[in-house]
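What follows is a set of notes on a single structure, which appears directly below.
The values are calculated or read from the model by the stated rules, or taken from the named source; none is laboratory data. Fair warning: this is a prediction, and the values are worked out from it, not measured in the lab. Because the Cβ atoms are built from the backbone with ideal geometry, glycine has one as well, and the counts that use them run over all protein chains shown. Heads up: the accessible areas ignore ligands, DNA and RNA and are worked out on the full protein's heavy atoms, side chains in. Shrake-Rupley method; radii C 1.70, N 1.55, O 1.52, S 1.80 Å.
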Amino acid sequence: LEQKTACLIVPVTNGRKLGGLAAELDRASRGLVGRLIKRGDVTGAVGETLMLPEVSGVGADRVLLVGAGKADGVRPAEYRQLLDKAARLVNDAALRNAVCALGEVKVNGRDEDWKTMQTVLAFNNAAYRFDQLKSKPTRKAVTGRVTLAVSPEDFAATQRAVKQASGVALGIALT
């Protein structure tokens, strides 16, 4: 939570029980996430988002809470939905970088490599612009770097999955 970044992307599941990074964020911010849930500002519904500026106790300039559905897992399509929403918000805000912890979300029937692939593709898709046929291109600033928050034991596998997903993204961009 101390890492300096323009945006920390944190999943929040439905219900009152916080887990993973959301629980750490709640402790660091002296109960902010819990209060937001209690007030109904965030429910954890899939794809729901809430951008919080300058959260105390966190090194990020802002925190993006993303609804991650049920704690016992979401369908692959729901995971893509919440990834796409987060990637679009981060990109449209023209943030220079972000740390994404959406890999914490349990996806039924999918492994960590699949989640990594979907994350890389979602952020690449959000950054894509087709301006070649426009007389006045509408170039927006695109997020420069997205760091995936993973456990040390998953680091090597995630690194391999990111390389593979980046290759797929480059192939998509060429077509």
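When Lys and Arg each count +1 and Asp and Glu each count -1, what net charge do the other residues less than 13 Å away from Val42, Cβ to Cβ, add up to?
On the way: positive: Arg16, Arg35, Lys38, Arg39; negative: Asp26, Asp41, Glu48.
Within the 13 Å Cβ shell, the charges total +1.
Over the chain, consider all pairs of different Cα atoms and compute the Kirkwood hydrodynamic radius from their mean reciprocal separation; express it in Å, one decimal.
After inverting the pairwise mean of 1/r, the radius is 16.6 Å.
Say each of Lys17 and Glu54 gets a label point 7 Å from the Cα, pointing the same way as Cα to Cβ; how far apart are those two points in nm?
Going from the Lys17 label point to the Glu54 one covers 3.6 nm.
Tell me which residues come under 5 Å, amide H to amide H, from Val63 once H is placed; ignore anything under 5 positions away on its chain.
Amide H neighbours of Val63, under 5 Å, 5+ apart: Leu8, Leu52, Glu54, Val55.
Ratio of the range 17-112's C-alpha Rg to 2.2 N^0.38 Å, to two decimals? Numbers along the way, then the final one.
On the way: Rg = 13.1 Å, N = 96, 2.2 N^0.38 = 12.5 Å.
The range 17-112 yields a ratio of 1.05.
Return the sequence-ordered ³J(HN,Hα) values of the range 60-70 in whole Hz as given by the Karplus equation 6.51 cos²θ - 1.76 cosθ + 1.60 applied to θ = phi - 60°, using x for Gly and Pro.
7, 5, 8, 10, 9, 8, 10, x, 10, x, 6
Which percent, nearest 5, of DSSP beta bridges in the range 1-129 are antiparallel?
Numbers: 5 of 15 bridges.
Of the beta bridges lying entirely in the range 1-129, close to 35 percent run antiparallel.
Where a ≥ b ≥ c are the square roots of the eigenvalues of the C-alpha gyration tensor, would you call the range 1-53 rounded, which needs a/c under 1.5, or, failing that, prolate if a/b is larger than b/c, or oblate? Don't skip to the end; give the middle numbers.
Values: a/c = 1.67, a/b = 1.35, b/c = 1.24.
Prolate.
Helix-derived [θ] at 222 nm for the chain: sum -39500 (n - 2.57) over DSSP H runs of at least 4, divide by residue count, nearest 500?
Dividing the helical sum by the residues of the chain leaves -13000 deg cm²/dmol.
If I compute solvent accessible area with a 1.4 Å probe over the protein chains, what percent of it on the chain is carbon and sulfur? Can you show the working numbers first?
Values: 5200 of 9880 Å².
Heavy-atom surface of the chain belonging to carbon and sulfur, 1.4 Å probe: 53 percent.
Starting from the range 1-107, pick out the GluC sites (Glu not before Pro) whose DSSP state is loop and whose Cβ has at most 16 other Cβ atoms within 10 Å. List each step's numbers first, then the result.
Values: sites: Glu2, Glu24, Glu48, Glu54, Glu78, Glu104; in loops: Glu2, Glu48, Glu54.
In loop regions of the range 1-107 (DSSP not H, G, I, E or B), the sparsely surrounded GluC sites (Glu not before Pro) are Glu2, Glu54.
How far is it, in nm, from the label point at Asp111 to the one at Glu2 when both lie 7 Å from their Cα along the line to the Cβ?
Once both label points are built, they end up 3.5 nm from each other.
How much accessible area per residue does the range 1-127 have, counting only protein heavy atoms and a probe of 1.4 Å, in square angstrom? Mind dumping the intermediate values first?
Details: 5970 Å² over 127 residues.
Averaged over the residues of the range 1-127, the accessible area is 47 Å².
Relative to the longest principal axis of the C-alpha atoms of the chain, give the angle of the C-alpha long axis of helix 76-92, reported between 0 and 90° and rounded to the nearest 10°.
80
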